[in-house]
Each structure stands twice: as C-alpha cells, then as structure tokens.
Amino acid sequence: MSKYASIIAGIALILIFIFTLFTQTLNAPSFDDFEATLAIIKRFYFENRTWKDRLAVLFLRHNEHRIVISRSVAVLYYHLFGNISFSNLVWFQNVFLLGFFGLILKIFADENKLSASAFLIITSFLFSFSFWQVSFYYWAGIQHFTVFFFSFLSLILLNEAVKLSSWRFILSVISATLAAFSFGNGFLVLLLGGFILLVQRKYALLAVWAVLSGIMLYITFLVDPNEPNEKETFSLVSMAKLLFTFMGSYLFINPPSDFLVYLNIIFCMIAGLAILIFWVWLFISGYACKKPLLYSLFSLPVLTGILISISRFSTKAAGGIAPRYMFFTSLIPVLLLLILLDIKVIKREWLGWFSVLVVVLWSAGFYFQRKELILMNTEITTNLNAWKQDHSHKMIFYRDAEPYSSILQWSIENKVFQLQDQPGPSPVPVKN
C-alpha cells in the first residue's frame, strides 16, 4: 500500500469511528452508570454538604477500583450544566483516546519507526470496534482511556526526566497519581516507573518515586478495604485460559457461528501464549534493561491481563474476549510491532503487507462488533422503555431491579437526568 493511500485509509478509519460514535451513542445510563455516576451525583450534591465528605465520595472504592477521574468528570459536568448527558460524557471520554493515539505516534516517531504503513496499523488497532463497550459507554471508557493515557504519559516523561525539580518529573508524578485514581490497574505505572528509574540509575528520582508509590499503594489497597466476600476456589487452569485468550484477543472478530467463535478463541489463545513467552524472553535476553521504556509500555497490557486473569479467573476464556477489557489488548500488537522493528525482526518494507492484513481484520471486527453494539443499544432502550411502564422491570438482567430503579427514578424527579425516547430501530422485548 502506497504512502498516501495508507494515510488516507488511516484517516478514513478514524472518521468511520467518529461517525459511528455520533450516531450510535445513547444518552442513557447502563450497567455501572447507575452506581458510578447517578448515585455519585446524589451522594456528592444531595446527601453531603461538607467538602471533606464530598471528597470522600469521590475516593471511595468501586468494586476493586478507585475511579476518581470518572466520578470527578461526572460531578464537574453536573456542576457546569445542571444535569447529566451520557452522550456528551461519552464524546468527552473519547478525547482521551485521541490523546492516547497522539502519544503512541510520538513514541514511534521518537524511535524513528513512524511511517505511513505504521500509522495505518496503529490506527486500525486503536480505533477498532473490538472494544466497543469502552468506546460507546461512559461506565468503561472514562476509566480505561484515562488510565492508559496517564500511565503512558507518566512513563514517557519519567524516561526523559533527569532532575527532581524538572517539569518532566513533576508532571510524571501527577500523571502517575491520576492513573492510579483512574482504574484498578493504574498502580502498575508506579511499579514500572520504579523499574525505569532503577535501570537508568536515577537514584534520587527513584527515592522520591518509591515514597509516592508507597503512599499510592496504601491508598489503593489498604484505605477503605472491600468487605470480604465468599470466593470461588482459585483455578490455575481457568486463569491460564483467560490470560492466554486475553493476550491474543486483539485477533477476535466475533464471527457469526459458535463453531467459528470457538476457533477464533483457540487462535487467540495460541497467539496470547506466544506473546507471553516473548515478553518473558525480552526480560531474560536483556532487552528490558536496554530499552526500559519500551519494555515497560509493553508490560502495561501484559500485567493488566495477569491481574484480570487472577481476579476474573472464573470466567475462563470467555472473560478474555470481553469487549470491556479489549482496549488494553489493542496495545499489544502496536507495541509488539515497535519492538520487533527495533530488534530488526521485522523490516519496514514488510509493513505495507501487514497493514493490508490489519485493515482486513479491522473491517471484519467493524462488521461483526458493530452489530453487537446496535444490539446492546436496542436492549438498553427496550429496558428503559419497559421501565417507564413498570418500575420493577430489570434494567440489568443479572441484577435486582430495585436499587437501579430507585436511583433512576430519583435522578428523573430531581432533574439530574432526563429520560427520553431513544432514536433507532423498534425495540425487541428482552427476557430478564
């Protein structure tokens, strides 16, 4: 594929993504939006009056995570506009995706590996529809986009920092803090940042970074601990199935038949195992110390997969292809490409052919995954319309109706959220 054709194709993929974003985004809550957004507005503005109590609301855990950025953006939006628009929040969160895209381009340019074909490959994975739950719903995207944006920004700046008083180090510390408060895997940037400073022998910076890491890890894991719940017996086999599938899930296109899905998962597992072996080899071979920044960036999605496979092991291989997690894996082939170019396993001349294959993969994902997006939008709309007639109707099929019904009713009565009929196809009844 020629230089200009690759650039035009990459821009076209971005425009298709943006067009779909503006035509398929619902102004409606779904899944975690009830607890993580509407209930937070209630607790922050209506139930607490002192700033101490309000700050506590922002920092309370959501499951295993601290989602301070998600809650803060919603609180600020309500303060500015007097209501919550989920469509506007979704469009805002995708600004971080664009910013993250810019960071990846910068990394490739800094390594002198950016070309028209590389641009198309990066675009194909970062504007993929495989992680549609992250791109099109506030409850996922505002957490996942921000945690990787701030994590990558922090490591890039830290790699370039020399003095404690330098703006790069100060901004890196701020970015790492924001990453840790964005989502559960944000604390990984603290560990990987320490690795970079240790390899580079920046001991003064490392000492300060270690203090910050200790404080952040204490806040993340020890303050406001979750109540112990009954847990399933850990299964290493189940964890491995999830991990290997997760690591290769950037190859998952959600084909139309169960048999093809099964084959696609097997293919993902094989690719995922190969990625994990390669990641270990990079460390053993000494590449991790030679290029600590690239290795640390590559380690972020890998270590995220390990965390998810430990905490969600019971979902087995199916958990590895959950769209809400697949933004993290979209980085694996991009960073793998950069590293393979760096160690000269792949030549620049081959990228044209690779970009054609990647666009085919993007197209298949767009065709099949877009159907899943439309189906979920229809289900959400159907459930909300049914709720208007009967408040005992479940809006989340695996959860009791009452708490979500109560918070939605409260938000409508207090004009926090205005429930309107959503445009789109005629709703199909959904069994609860």
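The values are calculated or read from the model by the stated rules, or taken from the named source; none is laboratory data. Since the structure is predicted, the reported quantities are computational estimates derived from the model, not experimental observations. Ideal geometry is used to build each Cβ from the backbone, glycine not excepted, and the neighbour counts take in all protein chains shown. Ligands, DNA and RNA are stripped out before the accessible areas are found, and what is left, the full protein with its side chains, is counted by its heavy atoms. Shrake-Rupley method; radii C 1.70, N 1.55, O 1.52, S 1.80 Å.
Descriptive notes on the structure:
- Gained length - Ser235 relative to Glu402, 0.36 nm times residue gap less alpha-carbon distance: 56.7 nm
- Under the Karplus curve 6.51 cos²θ - 1.76 cosθ + 1.60, θ = phi - 60°, whole-Hz ³J(HN,Hα) for the range 259-275, x wherever Gly or Pro sits: 5, 5, 4, 4, 5, 4, 5, 4, 4, 4, 5, 5, 4, x, 4, 5, 4
- Inter-label distance, nm, simple model (7 Å from Cα along the C-beta direction), Ala56/Ile11: 5.4
- Global geometry of the chain, whether rounded, prolate or oblate, following the gyration tensor of its Cα atoms and the 1.5 cut on a/c: oblate
- Exposed-site-free run, longest, the chain (rule: chymotrypsin sites (Phe, Trp or Tyr not before Pro); DSSP loop; at most 13 other C-beta within 10 Å): 1-233
- Shape call, the range 107-209: gyration tensor on alpha carbons, a/c limit 1.5: oblate
- Figure legend: label point modelled 7 angstrom from the Cα of Leu76 along Cα→Cβ; residues of the range 154-185 with amide N under 15 Å from it are 175, 178-179, 181-182.
- Neighbourhood net charge (14 Å Cβ-Cβ; Lys/Arg +1, Asp/Glu -1) for Trp132: +1
- Sulfur and carbon atoms: percent of accessible area, the chain [1.4 Å]: 66
- Efficiency of FRET from Cβ geometry, Phe283 and Asn48, R₀ 60 Å, rounded to 0.05: 0.80
- Lys/Arg +1, Asp/Glu -1 at C-beta; the range 105-245 dipole; positive extreme among Leu242, Val211, Thr146: Val211
- Net charge contributed by nearby residues that have their C-beta within less than 15 Å of Trp209 (K/R +1, D/E -1): +3
- For Leu307 and Asn112, the difference between the fully extended length at 0.36 nm per residue and the C-alpha to C-alpha distance is 67.0 nm.
- With the simple model of a label 7 Å out from the Cα in the direction of the Cβ, Gln389 to Asn27 spans 2.4 nm.
- In this simple spin-label approximation, Ile343 and Ala210 carry label points 7 Å from Cα along the Cα→Cβ vector, and these lie 3.0 nm apart.
- Each residue of the range 66-73 was assigned a 3J(HN,Hα) from its phi angle through the Karplus expression (A = 6.51, B = -1.76, C = 1.60, θ = phi - 60°), giving 10, 10, 4, 5, 4, 5, 5, 5 Hz with x at Gly and Pro.
- Per residue, in Å², the accessible surface of the chain once ligands and nucleic acids are set aside, probe 1.4 Å: 46
- Karplus 3J(HN,Hα) series, Hz, for the range 17-26 with 6.51 cos²θ - 1.76 cosθ + 1.60 (x for Gly, Pro): 4, 5, 4, 5, 4, 7, 9, 10, 7, 8
- Once the Cα-Cα distance is subtracted from the 0.36 nm per residue extended length, the Tyr4 to Val360 segment shows a gain of 126.3 nm.
- Under the criterion of Cα pairs below 8 Å and six or more residues apart, the relative contact order for the chain equals 21 percent.
- For the chain, adding -39500 (n - 2.57) for each run of n ≥ 4 DSSP H residues and dividing by the number of residues yields -22500 deg cm²/dmol at 222 nm.
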